[in-house]
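Read the structure below first, then the notes.
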Amino acid sequence: MPDARIPFRWKLLRIARRLGLPFMPRLPVPCVFVTGSVGKTTTCRMTAAILAAAGKTVGLTTTTGCFVDGQPLRLGDSSAPRWASLVTADRRVDVAVLEMARGGILLDGMPFRGCDVGAVLNVRDDHIGLDGIHTREQLAKVKSIVAVTAQRLAVLNADDPLVLPMRELTPAREVCLVSRRPDAPAVVAHLAGGGLAALLDPEPSGFGGTLRLRRGASEIVSLPAADIPATFGGRFVPAAVNAVFAMAIGHGMGVDAATIRETLAAFRSDASDNPGRMNLYRGMPCTLVATKAGGVEAATSIAGFARDFVVPGRKMLVVCAVGNRSEETLRSVGGAYAGAFDGYVCCDWEDRRGRPRGEAAGLLADGLREAGVPQHAIEIEPEHDTAIRRAGAAVGADDLLVVASPTAWRAAGILGAAAAA
């Protein structure tokens, strides 16, 4: 699909900025900004589903595209502020959920006066070393722009020491602290003062738990994580954390507790609800999980999921990484998967971001070897789709194949075509 045209209002804004004029438009519909290092797209998708279930026509921008009422206006990375103008200019839109990635904020700045609800999920090392950002503290400063623009509610990760202080920066009328540690001092004090908190109250096993939205001593929403299909029975904790944020955002946008609960209890990790994020396919030549995975944290979560996923046969991984990450990062990503699979195929992404062919794949393989994976279990195939075909040819109906790639969503089609040939 060709790119939809950037609205004329954005062109005016760019002209004003070049001339140094104070043109800061207010977005024409209520809106949510979501930023962080990991989990943005899934959180945005969950939030959009909640608002749609409340009867709203939702404009959505993510790294996968721009959408209105679920229909694409543009496909491709749309997580920069400029694309907010595209969906909010559509007269069908009642409310907008807008992913704000680090790269987009650095490219465009934050040219809008504010948002109704702003959420900061986390600050990780995934993008350190890019675009003049060399420390987590610098990255946190970029992401804090979302907290600074929030007007009604700021939803902040209380477990992240770089996000929690943003509560002192936000002009929002209320702050919601999100935590997996209900007994954390900041959370306890916040609730004791009548504040709003969204919690993932863990089970002793470390899996599952219960999502709780509380104001002071009163509980607003409660939902077992295992009841959310996207968590795979509570085993995939990152999806439960995303759901906690979406629960808080939905409440901040005025959605009632029953609608929030029912929507999350129906949200699946499939190509319809959340394309390219932990999509599970059965009935193929093997059991397939196709997902995007960037940094070490995402890789660690996927490896943990694979270890706990029961299949009669073998477990295989196809992994690629974006080439503009540091050598250390690429090795660490590879190493994070070690021990979770019986075989590994390392590949480049199509956009090698300046690295020679096969170099990113080789660095992933280096990380696996350094983490103890034997050489005979590792293959290097620089071409992304060829790597998927090679792994698909090596697995059978009893096996699990995980494809971790920015374009993992293509894996189902590739394997299906290979089986039909």
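The values are calculated or read from the model by the stated rules, or taken from the named source; none is laboratory data. What you see is a predicted model; the values in this text were computed from it and never measured. Here the Cβ positions follow ideal geometry from the backbone for every residue, glycine too, while neighbour counts run over all protein chains shown. To get the accessible areas, we keep the full protein, side chains included, count just its heavy atoms, and leave off ligands, DNA and RNA. Shrake-Rupley method; radii C 1.70, N 1.55, O 1.52, S 1.80 Å.
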* To do: Please determine, in degrees from 0 to 90 and to the nearest 10, the orientation of helix 40-53 with respect to the longest principal axis defined by the Cα atoms of the chain, where the helix direction is its Cα long axis.
  => 60
* **Projected-area average for region 197-241 over all orientations - Cα convex hull basis, square nanometres** => 2.9
* Asked: Any idea what angle helix 296-308 forms with the longest principal axis of the chain, computed on alpha-carbon atoms, 0 to 90 degrees, nearest 10?
  -> 60
* Structure fact -> Amide H neighbours of Leu73 at under 5 Å, excluding residues fewer than 5 places away on the same chain, with H built from the backbone geometry, are Cys66, Phe67, Val68
* Rounded to the nearest 10 Å², the accessible area of His251 at probe 1.4 Å -> 50
* **Full-extension gain in nm, Asp398 to Gln71, via 0.36 nm per residue minus C-alpha separation** => 114.1 nm
* Over the chain, with a single point scatterer placed on each C-alpha, what log10 of the ratio I(q)/I(0) does the Debye formula yield at q = 0.06, 0.09, 0.15 1/Å? -> -0.24, -0.55, -1.46
* Evaluated at q = 0.11, 0.20 Å⁻¹: base-10 log I(q)/I(0), Debye formula over Cα of region 354-421 -> -0.30, -0.94
* **Per principal axis, descending, Cα span of region 163-221 in whole Å** => 38, 24, 17
* **Isotropically averaged projected area of region 228-324, using the convex hull of Cα atoms (one quarter of hull area), nm²** => 7.8
* Asked: Roughly how big is region 215-293's charge dipole about its Cα centre, with Cβ charges of +1 (Lys, Arg) and -1 (Asp, Glu), in debye to the nearest 20?
  -> 280
* Structure fact -> Mean 1/r over distinct Cα pairs of region 164-310, inverted to a Kirkwood Rh in Å, yields 16.4
* What FRET efficiency do you get for Ala377 and Ala418 if R0 is 25 Å and r is their Cβ-Cβ distance, rounded to the nearest 0.05? -> 0.65
* Which pairs in the list Lys141/Lys292; Lys292/Lys315; Lys40/Lys141; Lys56/Lys143 are over 23 Å apart, alpha-carbon to alpha-carbon? -> Lys141/Lys292; Lys56/Lys143
* Structure fact -> Sorted largest first, the Cα spans of region 133-180 on the principal axes come out in Å as 32, 25, 12
* Which of Thr43, Gly104, His384 sits closest to the plus end of the dipole of the chain, meaning its Cα is farthest towards the positive end, when Lys and Arg get +1 and Asp and Glu get -1 on the C-beta? -> Gly104
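Nearest 0.05, what FRET efficiency do Asp94 and Arg369 give at R0 = 45 Å with Cβ-Cβ as r?
0.30
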* To do: Please report the relative contact order for the chain, taking Cα pairs under 8 Å with a sequence separation of at least 6, and give it as a percent rounded to a whole number.
  => 12
* To do: State to the nearest 20 debye the size of the charge dipole of the chain about its Cα centre, where the only charges are +1 on K and R beta carbons and -1 on D and E beta carbons.
  => 1320
* To do: Return the Rg/Rh value of region 257-381, two decimal places, where both radii are evaluated on C-alpha atoms and Rh is the Kirkwood radius.
  => 1.03
* Would you work out which of Val155, Thr407, Gly55 lies farthest towards the positive end of the dipole of the chain, given +1 charges on the beta-carbon of Lys and Arg and -1 on that of Asp and Glu, about the Cα centre? => Gly55
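How many percent of DSSP beta bridges within the chain run antiparallel, rounded to 5?
Just about 35 percent of them are antiparallel.
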* Structure fact -> Taking every C-alpha to C-alpha distance in region 274-327 and binning by 10 Å from 0, the per-bin percentages run 19, 53, 24, 4
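Between Glu262 and Ser218, 0.36 nm times their residue separation minus their Cα-Cα distance comes to what? List each step's numbers first, then the result.
Details: separation 44, 0.36 × 44 = 15.84 nm, distance 2.00 nm.
Net length gain for the segment: 13.8 nm.
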